[in-house]
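Notes follow the structure.
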Amino acid sequence: MTIIKKEKKGNITIYTVKKNFDDTKMATMMSKFVQPSMIDLILKDDADVYTEEGKLLLKFRKDILPKGDIDIFYDNIFAFASLETSNRGSAGGSKKKNLVDNPAIKSNIFGYFDSWTPSHKIKFGKLGIKQPLGVRECRFNQTWPEKYKQTIPLIEEIDHLYEKLTPDHYKLQKKKANQTPFHISNTSFTTITTNMNFRTAIHTDKGDDPEGFGNLAVIQRGTYKGGETCFPQYGLGADLRTGDILFMDVHQPHGNLPMRDKSADAIRLSIVCYLRTRIWERTKGKTKKFMEKHNRTIKKMFGK
């Protein structure tokens with residue numbers, strides 16, 4: 001990594017950095033795992049990082065999220081976040097489209113989503129009906145509404161920091177969220193992804209608002225080393241732990257270093273909050289009454 005400029009502004013270190021290699025080389029590394037040899041600098045303190053073109057790459061803040069909200073979120077999401085899936089494709093290090101062949105990992109979503117599951121589609125076929133509008137309430141908030149409510153305070157705090165630290169991106173995303181009832185109340189987000197002890201391969205995020213800015217929080221239980229979130233093209237990463245927040249350009253290639261030296265109870269639960277563009281596109285201008293009727297119809301159809 002080449003640091004073009006480094007300065008201090010209060011407690012925040014501000015870096016301007018240059019790529020270690022070009023986009024052609026980066027393209028050959030997608031869906032592969034970040035290796036320690038690729039990373040020159042791991043951020044462990046408050047920092048802002050800009051590219052040599054002046055574009056914000058990330059803002060990292062330590063120990064800024066409320067512990068009480070973190071503990072409540074964790075206690076209510078743990079069982080759901082522990083469920084395994086095989087649908088993460090390239091982020092899980094796989095290029096296969098057959099879900100049976102993909103590795104099973106603990107990656108789950110709640111809030112709202114913009115596609116039907118295979119079981120949904122089978123049910124529609126058996127009933128002989130046309131698929132409804134392709135937006136749905138996720139299983140967690142549908143089946144466990146009280147637990148879902150308990151997760152909201154932490155999500156709202158992440159939203160507040162988003163507005164404070166990257167206000168221009170936030171304003172554009174919040175405008176979209178306000179145009180659809182299918183969003184998490186009082187936030188700019190439609191969807192939350194949780195990843196438990198999941199080492200993501202090098203990937204870029206897809207489906208989120210391109211005008212927004214990504215974020216990542218981590219809840220740690222037990223002890224471990226590693227697991228840092230990295231941008232291999234720039235040779236740097238950030239070591240997130242409980243209470244930290246990372247705002248990041250998720251359209252730049254990123255992934256995780258492996259967790260190592262783990263205690264038997266080691267857990268790294270990452271939390272990603274975002275707005276899915278297709279939800280906004282399909283439901284902008286819809287009313288809350290429409291959303292409630294749509295959600296009731298789906299629940300009735302699937303016996304939930």
- [ ] Sort through LYS164, LYS149 and tell me the only one that's free of Cβ contacts under 8 Å to residues at least 24 places away in the same chain and either in a loop (DSSP other than H, G, I, E, B) or under 17 Å from ASP75 (Cα atoms) (or both).
- [x] LYS149
Task: Candidate set from segment 216-241 (those that are among the polar types (S, T, N, Q) and outside any loop (DSSP other than H, G, I, E, B)); member that is farthest from VAL17 (Cα to Cα) - done: GLN220
TODO: Scan segment 105-119 and give yes if some residue there is crowded, with 19+ Cβ neighbours inside 10 Å, of a type in the set (Ser, Thr, Tyr), part of a strand (DSSP E or B) and within 15 Å of the chain's Cα centre (by Cα), otherwise no.
DONE: yes
TODO: Within segment 179-238, work out how many residues are without any contact (Cβ under 8 Å) to a residue 40 or more places away in the chain and over 19 Å from LEU165 (Cβ atoms).
DONE: 4
- [ ] Would you mention how many residues in segment 11-37 are within 13 Å of GLY235 (Cα to Cα) and either among the β-branched types (Val, Ile, Thr) or touching a His at 6+ places or on another chain (Cβ under 8 Å) (or both)?
- [x] 3
Task: Within segment 164-193, considering residues that are in contact with a helix residue (DSSP H, G or I) (Cβ under 9 Å, 6 or more places away or on another chain) and surrounded by fewer than 16 Cβ atoms within 10 Å (Cβ to Cβ), the one modelled with the lowest pLDDT - done: SER185
Task: In segment 20-45, residue surrounded by the most Cβ atoms within 10 Å (Cβ to Cβ) [restricted to those that are assigned to a strand (DSSP E or B) and of a type outside the set (Val, Ile, Thr)] - done: LEU43
Task: For GLU157: the one exception among (1) within 17 Å of the chain's Cα centre (by Cα); (2) surrounded by fewer than 17 Cβ atoms within 10 Å (Cβ to Cβ); (3) among the acidic types (Asp, Glu) - done: (2)
Open item on the list: If the requirement is being within 22 Å of MET1 (Cβ to Cβ), among the polar types (S, T, N, Q) and surrounded by 19 or more Cβ atoms within 10 Å (Cβ to Cβ), which of these qualifies: THR283, THR229?
Closed with: THR229
Open item on the list: The conditions are (1) in contact with a strand residue (DSSP E or B) (Cβ under 7 Å, 6 or more places away or on another chain); (2) crowded, with 20+ Cβ neighbours inside 10 Å; (3) farther than 30 Å from ASN197 by Cβ; (4) of a type outside the set (Ser, Thr, Tyr), and LEU275 fails exactly one of them. Which is it?
Closed with: (3)
Open item on the list: It is to be established whether one or more residues within segment 46-55 are in contact with a strand residue (DSSP E or B) (Cβ under 9 Å, 6 or more places away or on another chain), modelled with pLDDT of 95 or more, assigned to a loop (DSSP other than H, G, I, E, B) and crowded, with 17+ Cβ neighbours inside 10 Å.
Closed with: yes
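The values are calculated or read from the model by the stated rules, or taken from the named source; none is laboratory data. These numbers were taken from a predicted model, which means no experiment stands behind them. Methodologically, a virtual Cβ is constructed for each residue, glycine included, from the backbone with ideal geometry; neighbour enumeration extends over all protein chains shown.
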